[in-house]
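The values are calculated or read from the model by the stated rules, or taken from the named source; none is laboratory data. The structure presented is a predicted model; accordingly, all values stated were derived computationally and were not measured. Note that each Cβ is placed from the backbone with ideal geometry, even for glycine, and that neighbours are counted across all protein chains shown. Accessible surface is based on the protein model in full, side chains and every heavy atom, while ligands, DNA and RNA are left aside. Shrake-Rupley method; radii C 1.70, N 1.55, O 1.52, S 1.80 Å.
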Amino acid sequence: MKHAIVLAAGKGSRMKSELPKVLYPILNRPMIEYVLDALEQAGIDKIFAVVGYQSKLVQKALSHRRNLEFVEQTEQLGTGHAVMVCRDKLQSCNDAVMVVAGDCPMIQVDSIQKMFTAYQDTATGEHASCILGTAYKDNPFGLGRIVRDASGGFQAIVEEKDALPEQKKITEVNMSYYVFHTPDLLDALTHLQTNNAQKEYYLTDAPAILRSQGKRVLALPVLQPIESLGINTVEEAESVERAMLALL
């Protein structure tokens, strides 16, 4: 049984709207609806939406979703903390769980499916501890960089505010698409710390924690160029709308 966690607790202060960010309309639909559609079409059986800012409004807007369950994040202490509040829901899961942001309406079904395929090695039957979906961006400012070791293997994700000058030149970026082996994710959450510029629990630290434990972590540049279109401002929302219209 495939599970997914959608991070939907943020305010989106740069959107010039009082709406929770995930309810900001893209072509007259809340942007999170596109994310939920893609997850369902990719065969996800159960979805947990982590809500916080104006949570009742988000729950009301999405009340028609039958396979969606809401989990409250009363304090916004980072993406790692958002996943922590789902721990009780995941205790019985021994399979894969995807974690994505609710503000990525350009998410593609094909990318989700590729990540789940990579999670399970059909030749050996073994699973990866973590699969990261990455993309390349000419202007990666503001995004976590994918740091690789000398052999090209995944080493770490370094956030913009914590990156060294050389690391800021990296154009392969984390787009907040993850597939974890659930027991490994739950273990990694216990090791997250707040020793970063934001003093938050970063989910982006989890893959490096798993790697340090000798577990299999893969960063795969499987995301399509349109999936690198993020939404943090009204102008970016308009760019996403134009990209959607071009696909119609």
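Based on this model, can you work out whether residue 166 counts as farther than 23 Å from residue 40 by Cα, surrounded by fewer than 20 Cβ atoms within 10 Å (Cβ to Cβ) and modelled with pLDDT under 95? Spelling it out, it is not the case that residue 166 is farther than 23 Å from residue 40 by Cα, surrounded by fewer than 20 Cβ atoms within 10 Å (Cβ to Cβ) and modelled with pLDDT under 95.
Please determine whether any residue of segment 20-31 is among the basic types (Lys, Arg) and assigned to a loop (DSSP other than H, G, I, E, B). The answer is no; no qualifying residue exists.
In segment 119-150, the qualifying residues are those that are assigned to a strand (DSSP E or B) and without any contact (Cβ under 8 Å) to a residue 40 or more places away in the chain, and the one that is surrounded by the fewest Cβ atoms within 10 Å (Cβ to Cβ) is 120. Confirm whether residue 210 is out of contact with any strand residue (DSSP E or B) (no Cβ under 7 Å at 6 or more places or on another chain) and either touching a residue at least 24 places away in the same chain (Cβ under 8 Å) or of a type in the set (Val, Ile, Thr) (or both). So residue 210 fails the test.
Based on this model, can you work out whether residue 137 counts as under 29 Å from residue 12 (Cα atoms), of a type in the set (D, E, K, R) and modelled with pLDDT of 95 or more? No. Scanning segment 37-55 for residues that are over 16 Å from residue 86 (Cβ atoms) and either crowded, with 24+ Cβ neighbours inside 10 Å or acidic (Asp, Glu) (or both) yields 37, 40.
This table checks each residue for (1) more than 24 Å from residue 237 (Cα to Cα); (2) open to solvent by 50 Å² or more (accessible area, probe 1.4 Å).
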site	(1), (2)
17	no, no
24	no, no
27	no, yes
81	yes, no
92	yes, yes
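Of all residues in segment 221-238, which are out of contact with any Cys (no Cβ under 8 Å at 6 or more places or on another chain) and either surrounded by fewer than 18 Cβ atoms within 10 Å (Cβ to Cβ) or among the small types (Gly, Ala, Ser) (or both)? Scanning segment 221-238 gives 221, 224, 225, 226, 228, 232, 233, 234, 235, 236, 237, 238. The set of residues from segment 189-202 being open to solvent by less than 60 Å² (accessible area, probe 1.4 Å) and at pLDDT 95 or above comprises 189, 192.
Rundown of residues vs (1) assigned to a loop (DSSP other than H, G, I, E, B); (2) within 23 Å of residue 24 (Cβ to Cβ); (3) among the hydroxyl-bearing types (Ser, Thr, Tyr); (4) in contact with a Phe, Trp or Tyr (Cβ under 6 Å, 6 or more places away or on another chain), yes/no style:
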site	(1), (2), (3), (4)
35	no, yes, no, no
56	no, yes, no, no
60	no, yes, no, no
82	no, yes, no, no
89	no, no, no, yes
93	yes, no, no, no
97	no, no, no, yes
100	no, yes, no, yes
103	yes, yes, no, no
